[in-house]
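The values are calculated or read from the model by the stated rules, or taken from the named source; none is laboratory data. Treat the numbers as computed from the prediction; the structure is a model and nothing was measured. Ideal geometry is used to build each Cβ from the backbone, glycine not excepted, and the neighbour counts take in all protein chains shown.
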Amino acid sequence: MSRVIKNITVLLPIYNAAEYLSRAINSILRQSFKEFELLIIDDGSKDNPEKIISSFKDSRIIYKKFEHSGLSSALNKGIKLAKTEWIARQDADDLSVPDRFQKQIEFLSNSNDTDILSCWSIYFNNKNKIAFKVKTPVQHETIVEFLNLHNPLNHSGVVYRKSIFKENKYNESLKYFEDFEFFHRIKNKVRFAIIPEYLVYSKLDTYNFDYIDNRNIVYDFLFDEAFKNMLDSKSKGDHFYWTTKIAWINYFYGDRKKTRKYFYNSFSLKNILGFLSTYLPDEIFEKFLTSRARFRIENLFSNNKKFYQELRQLLNEH
């Protein structure tokens, strides 16, 4: 029997994002699905978002301002205040296509076991040009496996159950990667799914700098679990899997010398190429890690006319 979702809460945390706020709100208010409350949680902004928000005469908007305490805290506050069981996320500098909520609600209505749903994403740069598109795994089992190394769920495209947060909250000690840590921590307690459609446009900003300066956060929670699983391996296959995973965790988030050590014990063609690339000069290696080169190369051979038109429409709707 299909479940019925009549309304949702759209959770929009903001912090000094007035430059983008109007277009983000517009992309939400112009959704084909109309039954929602738009809960804007202001994490102590100094750029007067009240003026922008008050210009929208829509009774669905609820605005709450708190002292600055970080994104994780703002999210936890917003989830607690949400009046509905289903919560959709969006960041202040991102955009949702007009039928995003409709499609996600239809999916959830026909998938009774899904707790957290996301979608494919398109990333655009400061010049409002498409940088690349990201396709991620769509099935629960593959998403869980993917979370052992990377986060396949665009936080700004997520819809999830409020009841998940009765026993789990965002880690308020984390300034970055709070979504990855949260999804990784609860991955064996919930059911994930991703709609194989591009429903969110996400803005590239300071991600590269955040990644370089704070990737130890990811290393800590990924490595601890992977190392324990490697020690507990019951077969050569499992041991190879977790040794390889630890090598790549070090490759992306840790120490390149340690990467080589683990690659010695888990050789494959892919691992050999990874091993050799660790000898690249530091600057080149760091640029390679943060460039998302595969997605950018794929984008060169993609027909993006439809997406450019859609992005222009979303950017001009204010």
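For the reader, a short list of remarks on this structure follows.
- Any hit, the range 181-190, residues being in the same structural domain as F124 (by TED's automatic domain parsing), surrounded by 13 or more Cβ atoms within 10 Å (Cβ to Cβ) and closer than 30 Å to R312 by Cα: no
- One residue alone among K83, K127, K135 is over 26 Å from L204 (Cβ atoms) and in the same structural domain as L29 (by TED's automatic domain parsing), and that residue is K83.
- Any hit, the range 64-71, residues being surrounded by 19 or more Cβ atoms within 10 Å (Cβ to Cβ) and modelled with pLDDT of 95 or more: yes
- Complete set of residues in the range 106-133 that are within 15 Å of I194 (Cβ to Cβ), buried (at least 18 other Cβ atoms within 10 Å of the Cβ) and among the hydrophobic types (A, V, I, L, M, F, W, C): L108, I116, L117, C119, W120, I122
- Residues satisfying the stated conditions in the range 65-116, i.e. charged (D, E, K, R), closer than 21 Å to D179 by Cβ and not in a helix (DSSP H, G or I): E85, R89, D91, D93, D94, D115
- Tally of residues being more than 28 Å from the chain's Cα centre (by Cα), among the small types (G, A, S) and either assigned to a helix (DSSP H, G or I) or closer than 18 Å to N229 by Cβ (or both) across the range 245-286: 1
- Flag if S45 is more than 30 Å from E141 (Cα to Cα), in contact (Cβ under 8 Å) with a residue 24 or more places away in the chain and either out of contact with any Leu (no Cβ under 7 Å at 6 or more places or on another chain) or part of a strand (DSSP E or B) (or both): yes
- The range 159-196, residues that are within 19 Å of V144 (Cβ to Cβ) and among the aliphatic types (A, V, I, L, M): V159, I164, I186, V190, A193, I194, I195
- If you go through the range 20-57 and keep only what is modelled with pLDDT of 95 or more, more than 30 Å from N110 (Cβ to Cβ) and either charged (D, E, K, R) or not assigned by TED's automatic domain parsing to the domain that holds D115 (or both), you end up with R23, D42, D43, K46, D47, E50, K51.
Yes/no matrix, rows are residues, columns are (1) closer than 18 Å to N299 by Cβ; (2) in contact (Cβ under 8 Å) with a residue 60 or more places away in the chain; (3) not hydroxyl-bearing (S, T, Y):
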site: S96; (1), (2), (3): no, yes, no
site: F101; (1), (2), (3): no, yes, yes
site: I105; (1), (2), (3): no, yes, yes
site: N110; (1), (2), (3): no, yes, yes
site: L117; (1), (2), (3): no, yes, yes
site: W120; (1), (2), (3): yes, yes, yes
site: F124; (1), (2), (3): yes, yes, yes
site: A131; (1), (2), (3): yes, yes, yes
site: P137; (1), (2), (3): no, no, yes
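- Of N125, N148, all but one fail to be more than 13 Å from the chain's Cα centre (by Cα) and at pLDDT below 95; the exception is N125.
- Looking across the range 287-316, the residues that are modelled with pLDDT under 85, surrounded by 11 or more Cβ atoms within 10 Å (Cβ to Cβ) and either assigned by TED's automatic domain parsing to the domain that holds H239 or not in a loop (DSSP other than H, G, I, E, B) (or both) come down to K287, F288, L289, T290, S291, A293, F295, R296, I297, E298, N299.
- All of (1) assigned to a helix (DSSP H, G or I); (2) acidic (D, E); (3) closer than 30 Å to L81 by Cα hold for E225 with one exception: (3).
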